[in-house]
Structure formats: C-alpha cells, structure tokens
1. Just give me the residues in the range 19-37 being aliphatic (A, V, I, L, M) and under 13 Å from ALA60 (Cβ atoms), in sequence order.
2. I'm checking my understanding of the structure. Among residues of the range 60-75 that are under 21 Å from ARG5 (Cβ atoms) and basic (Lys, Arg), which one is surrounded by the most Cβ atoms within 10 Å (Cβ to Cβ)?
3. Considering the range 15-59 alone, what residues qualify as being under 14 Å from TYR69 (Cβ atoms), open to solvent by 50 Å² or more (accessible area, probe 1.4 Å) and in contact (Cβ under 8 Å) with a residue 12 or more places away in the chain?
4. Name the single residue, out of those in the range 23-75 being of a type in the set (Phe, Trp, Tyr) and closer than 14 Å to ARG12 by Cα, that is modelled with the lowest pLDDT.
Amino acid sequence: MLRMRFNDAETRDIIRTVDASGSESRKFWLIAACPGWTGPEVDHFVERCLSSTREDVRAAAADAKLKKYRKWRPL
C-alpha cells in the first residue's frame, strides 16, 4: 500500500463512498490501505470490517486496528 493520508473530510468521503457501494472487494482494498489513517470515521470503519463475511477483510481490519500495513498478494 502507498501509505497515503488524507484530511478528515477526504477520509470520510472515501469511507462513505466505499460503504455505499456495498462491495466487499472495495472494502478490502480500503481497509488494507488505511492502517495509518486516524479519526472516528476510520475507527468505525475498522470495527465494521472486523465482522465482515470475508476472511481477508477481517484480517486486514485486524491489521488496521494495530496500525500495521501488510504486503498483500491477492493473486
């Protein structure tokens, strides 16, 4: 992941857009990208992802909760 950071409004908009999509694949990539992000919107997103139906989303959320980036190899 690129370890990019955004301001609070941008972070909120990104999370809301991905949540609204309903796509677990998009949630995976977002949760995998956000371990360095902070704020209540991020914390709530991480908590929601911890109960995902997908194991990879749950694993990425566990890492995000620890502020740990992982090298993902999805293929």
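The values are calculated or read from the model by the stated rules, or taken from the named source; none is laboratory data. Here the structure is a predicted model, which means the values were calculated and not measured. Cβ: placed from backbone, ideal geometry, glycine included. Neighbour counts: every protein chain shown. Please note that ligands, DNA and RNA were not included when accessible areas were found on the heavy atoms of the full protein model with its side chains. Shrake-Rupley method; radii C 1.70, N 1.55, O 1.52, S 1.80 Å.
1. LEU30, ILE31, ALA32, ALA33
2. Applying the first criterion (under 21 Å from ARG5 (Cβ atoms)) to the range 60-75 yields 60-72.
Okay, now just the ones that are also basic (Lys, Arg), so 65, 67-68, 70-71.
Working: LYS65: 15, LYS67: 11, LYS68: 11, ARG70: 13, LYS71: 6.
The extreme case among them is LYS65.
3. none
4. TRP37
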